[in-house]
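Student: One structure, as structure tokens, below. Some questions next.
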Amino acid sequence: MKYIVILGDGMADEPLVQLGGRTPLEYAKTPNMDRMAQNGACGMLRTIPDGFEAGSDIANMSILGYAPEKYYTGRGPLEAVSMGIGLESGDVAYRCNLVTVEDGVMVDFSAGHISSSEGSTLFSSLSQEIPEVMLRAGVSYRNLLVVHQGTGSTSTPPHDIVGKKIAEYLPEGGDAALLLRCMGKSTEVFAGHPVNAARLRAGKRPATGIWPWSGGPRPSFPQFEEKYGKKGGMISAVDLLNGIARCAGMEIISVPGATGYLDTDYAAKGRYALDAIRHLDFLYLHIEAPDEAGHLGDVEEKVRAIERVDSVVGMILENFDGVLAVLPDHPTPISVKTHTRDPVPFVVLGKGTDSTEHFSEREAGEGSLGTKSAVDFLSFLFS
């Protein structure tokens, strides 16, 4: 038996007045997810354990069966693993966003979804000014900062404070002084930088600085194949997910045209998934777009992203006869533009049936599979 999980990041939401009291998942045209619900079974999944923030790192680790209480050290080190950075003993890796701050307010956690090439150029200029840390450019606004012989620091994820004064959310703890110096230097270097000058001329938001967060040392996971007796693979355009997979010894399948944003190549992801499952036992197909739309507070874009996820589901349904599951990792409600810790709906085809007609938060809550803990999800799927 072969298994595919399609993860629509942040796909769950809340009822919205502008959608007639329906959630984006209820409002969107999702004939393929509904077909799964009609021929399969639904339930709810608790993806965020008590004591943890509602992040994609925590949620996806949990869904893959790696209890955050045991294995989580931070988002930064997971992304470092994905980027091939060998963290030494004492290294603390921080996720490092390029952001737009104006008059002390976090205006944009992604600097207008700055391009990877622009971000790389900015990081190259900045690294010359702060040689005491390691800077590595990633995809778009998602980059990395490594403190050697660090002691750790806490700061709020920038996507949680859009529209707020940053003064209350700056880094605190052992590495805070160094991180604040790096942030201050980035403001100096980026001001008037040719990359930002070109972005302003084009009517785009500039990257006014960096924002380091969620740091920690390199994690150590049990290998996926040893844990489950199955060869697993990951398709994602996001370093975080690929870092989790790499730590677990899963195969990373790169898809041309996959961007981790609204413009990702959905069809290519579906094609590569079908090709990969031929030699794998399990595939985790991650699609970031609904989460990005949620962070933007763009209801129309979120509905469109969900419908495009459904098109991938349809492609898999037509060409795969194993066990197929579809779910979000966490809600990213339009109303708050960030993650929440509420349970998420899931649907499984190939593990029995129930009376559910449509895949949604409301109907899944009444599904026959009940509410499960995410760390038990794959064990349930494989049982």
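No value in this document is a laboratory result; all are computed from the given coordinates. The structure presented is a predicted model; accordingly, all values stated were derived computationally and were not measured. For neighbour counting, all protein chains shown are included, and Cβ atoms are generated from backbone atoms with ideal geometry for every residue, glycine included.
Student: Before rounding to the nearest 500, sum -39500 (n - 2.57) across all DSSP H runs of length at least 4 in the chain and divide by the residue total; then give [θ] at 222 nm in deg cm²/dmol.
Tutor: After summing the helix terms and dividing by residue count, I get -9500 deg cm²/dmol.
Student: Determine, at each q value in 0.22, 0.25, 0.28, 0.29 (inverse angstroms), the log₁₀ of I(q)/I(0) that the Debye formula gives when each Cα of the stretch 173-237 is one equal point scatterer.
Tutor: Once normalised to I(0) and log-transformed, intensities are -0.94, -1.06, -1.14, -1.16.
Student: How much length is gained on full extension from K70 to A167, taking 0.36 nm per residue of separation minus their Cα-Cα distance?
Tutor: Taking 0.36 nm per residue and subtracting the Cα distance, the gain is 31.7 nm.
Student: Once you have the alpha carbon radius of gyration of the chain, what is it after dividing by 2.2 N^0.38 Å, with N set to its residue count? Spell out each step's value before the answer.
Tutor: Values: Rg = 20.3 Å, N = 383, 2.2 N^0.38 = 21.1 Å.
The reported ratio for this selection is 0.96.
Student: Putting +1 on Lys and Arg Cβ atoms and -1 on Asp and Glu Cβ atoms, find which of L64, A305, G229 reaches farthest to the positive end of the dipole of the chain.
Tutor: G229
Student: Which GluC sites (Glu not before Pro) does the stretch 131-186 hold that lie in a coil by DSSP with at most 12 other beta carbons within 10 Å?
Tutor: Within the stretch 131-186, the qualifying GluC sites (Glu not before Pro) (loop, at most 12 other Cβ atoms within 10 Å) are E132.
Student: With a Förster radius of 22 Å, plug the Cβ-Cβ distance of A177 and E129 into 1/(1 + (r/R0)^6) and report the FRET value to the nearest 0.05. Walk me through the numbers before you get to the answer.
Tutor: Details: r = 17 Å, r/R0 = 0.75.
E between A177 and E129, to the nearest 0.05, is 0.85.
Student: Still on this model: Mind checking the angle between helix 176-190 and the chain's longest principal axis? C-alpha axes, 0 to 90 degrees, to the nearest 10.
Tutor: It is inclined by approximately 80 degrees.
Student: Do any GluC sites (Glu not before Pro) in the stretch 325-383 lie in a loop, going by DSSP, with at most 14 other beta-carbon atoms within 10 Å of their beta carbon, and if so which?
Tutor: E357, E366
Student: While we're here: Can you tell me the length gained on complete extension of the stretch E226 to K2, counting 0.36 nm per residue apart and subtracting the Cα distance?
Tutor: 79.0 nm
Student: In nm², what is the average projected area of the convex hull enclosing the Cα atoms of the stretch 174-299?
Tutor: Numbers: hull surface 44.1 nm².
Orientation-averaged projected area of the Cα hull: 11.0 nm².
Student: While we're on this one: How much net charge surrounds S153 when only the other residues with a Cβ under 11 Å from the Cβ of S153 are counted, with Lys and Arg +1 and Asp and Glu -1?
Tutor: Here the charged neighbours net out to -2.
Student: Cα-Cα over 26 Å: which of K29/K164; K269/K302; K2/K70?
Tutor: Check vs 26 Å cut-off fails for K29/K164; K2/K70.
Student: Average the reciprocal distances over every distinct pair of alpha-carbons in the stretch 87-216, invert the result, and give the Kirkwood radius in Å.
Tutor: The Cα-based Kirkwood calculation yields 14.4 Å.
Student: Further question: How large are Rg and Dmax for the stretch 1-158 when only the alpha carbon atoms are used, in Å?
Tutor: In order Rg, Dmax, the Cα atoms of the stretch 1-158 give 19.6, 59 Å.
Student: What nm distance separates the two modelled labels at T187 and E102, each placed 7 Å from Cα along Cα→Cβ?
Tutor: Those two pseudo-labels are separated by 1.7 nm.
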